[in-house]
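Take a look at the structure below.
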Amino acid sequence: MQEVEESVGYIFQDKNLLKQALTHTSYAYENKVESNEKLEFLGDSILEFISSKYLYKNYPKLREGEMTKVRATVVCEKSLYKIAQMHNFSDFLYLGRSEKKTGGEKRPAILADSVEAVIAAIYLDGGIEEAEKFIIDNLKNEIEIATKHVGDRDYKTVLQEKLQEHGEVKIEYEITKEEGPDHNKQFEAQVRCNGKVLAKGKGKSKKEAHMSAAKKALENLK
């Protein structure tokens, strides 16, 4: 447990809280102890609150809908799974025999749940400030990236919905040109619908170029 504490940056007064946070239901059932389910429930609420507060305070230009999108992008199984991997939670999970045999310690859902449970355990042991520190330390970079791309999905999603109003169509994006040195690349992309080129766009990344092409295609359709 000391290794976990050192990794997460918090020393527990009540070590049993940390043990419970890492106890899967399969182990709890076999050994007649309490699982991390209730801690996970509490941790989920704390995580949502702290991430919302952080977005509200640090990104005042984001609209309510954009903050919701960023939070949904960051507070998800994929992000929590990455945190669990970073802190090697898989080495310390208490799993039942059958769960161990099927590789439960590597299952993203189980690891993501353990992160929420650890957040709750930190909160109960040390208060909201300690929980907040753990959350922000581990999600700050993910939040920053998500805020930069908060509108990325919009143009592609809107274009897809527009083109598929009357049935399924084949939509393809392709990078057609790359220019400039590695540190200052410029990409050109085109978007096609059933083989027909709808528009081209440029950007400093392939993703940006795709978005630009989708935006121009929407403008052309109007």
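Data overview
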item: Helices (runs of 4 or more DSSP H) lying entirely in region 80-149 (those with 2 or more residues that are at pLDDT below 90 and of a type outside the set (Val, Ile, Thr)); result: 128-148
item: Search result, residues across region 1-47 that are over 21 Å from the mean Cα position of the chain (by Cα) and among the aromatic types (Phe, Trp, Tyr); result: TYR10, PHE12, TYR27, TYR29
item: Failed criterion for LEU80 (all others in (1) of a type in the set (A, V, I, L, M); (2) in contact (Cβ under 8 Å) with a residue 40 or more places away in the chain; (3) surrounded by 18 or more Cβ atoms within 10 Å (Cβ to Cβ) hold); result: (2)
item: Residue count for region 101-132, restricted to those that are surrounded by 14 or more Cβ atoms within 10 Å (Cβ to Cβ), of a type outside the set (A, V, I, L, M) and either under 18 Å from the mean Cα position of the chain (by Cα) or closer than 19 Å to CYS76 by Cβ (or both); result: 6
item: So LYS61, is it surrounded by fewer than 17 Cβ atoms within 10 Å (Cβ to Cβ) and modelled with pLDDT under 95; result: yes
item: Test: TYR29 is more than 22 Å from GLU132 (Cβ to Cβ), assigned by TED's automatic domain parsing to the domain that holds ALA109 and loosely packed, with under 13 Cβ neighbours inside 10 Å; result: yes
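Quick grid of which residues meet (1) under 26 Å from ILE145 (Cα atoms); (2) touching a strand residue (DSSP E or B) at 6+ places or on another chain (Cβ under 6 Å); (3) part of a strand (DSSP E or B); (4) in contact (Cβ under 8 Å) with a residue 24 or more places away in the chain:
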position: THR157; (1), (2), (3), (4): yes, no, no, no
position: HIS166; (1), (2), (3), (4): no, no, no, no
position: VAL169; (1), (2), (3), (4): no, yes, no, yes
position: GLU174; (1), (2), (3), (4): yes, yes, yes, no
position: GLU188; (1), (2), (3), (4): yes, yes, yes, no
position: VAL197; (1), (2), (3), (4): no, yes, yes, no
position: LYS200; (1), (2), (3), (4): yes, yes, yes, yes
position: MET211; (1), (2), (3), (4): yes, no, no, yes
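The values are calculated or read from the model by the stated rules, or taken from the named source; none is laboratory data. Being a predicted model, the structure only gives us computed values, none of them experimental. All Cβ positions, even for glycine, are placed from backbone atoms using ideal geometry, and neighbour counts span all protein chains on display.
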